[in-house]
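Here's the structure we're looking at; comments come further down.
The values are calculated or read from the model by the stated rules, or taken from the named source; none is laboratory data. What you see is a predicted model, and the numbers here were worked out from it, not measured in a lab. In this analysis, Cβ positions are derived from the backbone assuming ideal geometry, glycine residues included, and neighbour counts consider all displayed protein chains.
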């Protein structure tokens, strides 16, 4: 089994007496209410998804990630995982003490062992992570809306947050057990925030040809307007897997996390997380984790050259389309026919058809999958 990133799978989930003690003392701690996206980050830290992180980044690690896409100890890490607070709240919190992190409904989530607090430049953070300061970029907009002080230190998770999607939720410990039980020595991960079309199926099955197992790992959480809703993604993948995938070679589980839309940096981030789940390979396609026209089409593939020590192998897929003459999904290396014979896979085109209540052509999407999507009255985020 592949080693977790940094060599150790983090486990900061409180159990038994430690959990009981934390709950008993929760009311005596200063309380910081955090949003659902931060709750997801806390859970991902504590369950090892974000290994080797033990908590929210301190200033040295934060600056190192921005400047060189590595933690201060030189371990690859490209997306800063931070906890923000307003200046007034931060002023009342003292490093060396504990802070209760609570959900918006008041439920105790975790204990932060506060080690430091520091200011930062939001514009610089946006520029370094997203390559732009354009407020129209959803990731930039999120950063510019953060509060002015960052809090740092390890977190201990008191309890996971129930969601409507818990039956698809597996921790890295659990996926590693699952892969081993199936006898998978090599596993390719597929990151997605979309419902499956035939192009996705093509790259997944092509990658599976060279590995033992396929791990389909949709991101569940905050996304931009126009993206498919979480329940639609999961229902459509369940239908596709049921009808068209080899069950003993395929696993489906969610990653509870917001999309950052950081393009190349996020591609490395996604690779690290799948490595922690136990994947030996990850599929990286055209404009991975991109949005609009902020990133070159294959920038998310090119960035891997700067991370030879990543420890998970990328499997690059460039452009592919449906060829009318071949009657199959093809790419430029295997199809001799001219462009006019090709139907391009366009997420925008597929969405437009679905919005109109029209089933996309069978050359683009399995009719059974389209039918599942069309059963939802509102399949897209608004």
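With the condition being over 27 Å from residue 8 (Cα atoms), I'd like the strands (runs of 3 or more DSSP E) fully within segment 249-347 carrying at least 2 qualifying residues.
Fully inside segment 249-347 and qualifying: 320-323, 328-331, 342-344.
Can you name every residue in segment 93-111 that is in a strand (DSSP E or B) and closer than 15 Å to residue 147 by Cβ?
99, 101
Spot the failing condition for residue 249; the list is (1) closer than 18 Å to residue 189 by Cα; (2) touching a residue at least 40 places away in the same chain (Cβ under 8 Å); (3) buried (at least 23 other Cβ atoms within 10 Å of the Cβ), and only one is missed.
For residue 249, the failing item is (3).
Is it true that some residue in segment 172-182 is under 28 Å from residue 261 (Cβ atoms), assigned by TED's automatic domain parsing to the domain that holds residue 251 and crowded, with 17+ Cβ neighbours inside 10 Å?
Yes, segment 172-182 contains a residue that is under 28 Å from residue 261 (Cβ atoms), assigned by TED's automatic domain parsing to the domain that holds residue 251 and crowded, with 17+ Cβ neighbours inside 10 Å.
Regarding residue 357, is this residue in contact (Cβ under 8 Å) with a residue 60 or more places away in the chain, assigned by TED's automatic domain parsing to the domain that holds residue 195 and either in a loop (DSSP other than H, G, I, E, B) or surrounded by 14 or more Cβ atoms within 10 Å (Cβ to Cβ) (or both)?
no
Answer yes or no as to whether residue 42 is outside the structural domain of residue 275 (by TED's automatic domain parsing) and within 16 Å of residue 150 (Cα to Cα).
yes
Looking at this structure, is residue 80 more than 18 Å from residue 160 (Cα to Cα), in a loop (DSSP other than H, G, I, E, B), in contact with a helix residue (DSSP H, G or I) (Cβ under 8 Å, 6 or more places away or on another chain) and outside the structural domain of residue 265 (by TED's automatic domain parsing)?
Spelling it out, residue 80 is indeed more than 18 Å from residue 160 (Cα to Cα), in a loop (DSSP other than H, G, I, E, B), in contact with a helix residue (DSSP H, G or I) (Cβ under 8 Å, 6 or more places away or on another chain) and outside the structural domain of residue 265 (by TED's automatic domain parsing).
Is there a residue in segment 124-139 that is outside any helix (DSSP H, G or I), in the same structural domain as residue 270 (by TED's automatic domain parsing) and either free of Cβ contacts under 8 Å to residues at least 24 places away in the same chain or in contact with a helix residue (DSSP H, G or I) (Cβ under 8 Å, 6 or more places away or on another chain) (or both)?
No, every residue in segment 124-139 fails to be outside any helix (DSSP H, G or I), in the same structural domain as residue 270 (by TED's automatic domain parsing) and either free of Cβ contacts under 8 Å to residues at least 24 places away in the same chain or in contact with a helix residue (DSSP H, G or I) (Cβ under 8 Å, 6 or more places away or on another chain) (or both).
Suppose we filter segment 198-231 for residues that are in a helix (DSSP H, G or I), touching a strand residue (DSSP E or B) at 6+ places or on another chain (Cβ under 8 Å) and under 26 Å from residue 41 (Cα atoms); how many remain?
Within segment 198-231, residues that are in a helix (DSSP H, G or I), touching a strand residue (DSSP E or B) at 6+ places or on another chain (Cβ under 8 Å) and under 26 Å from residue 41 (Cα atoms) number 1.
Out of curiosity, is residue 328 more than 30 Å from residue 3 (Cα to Cα) and either modelled with pLDDT under 90 or surrounded by 15 or more Cβ atoms within 10 Å (Cβ to Cβ) (or both)?
Against the criterion (more than 30 Å from residue 3 (Cα to Cα) and either modelled with pLDDT under 90 or surrounded by 15 or more Cβ atoms within 10 Å (Cβ to Cβ) (or both)), residue 328 does not qualify.
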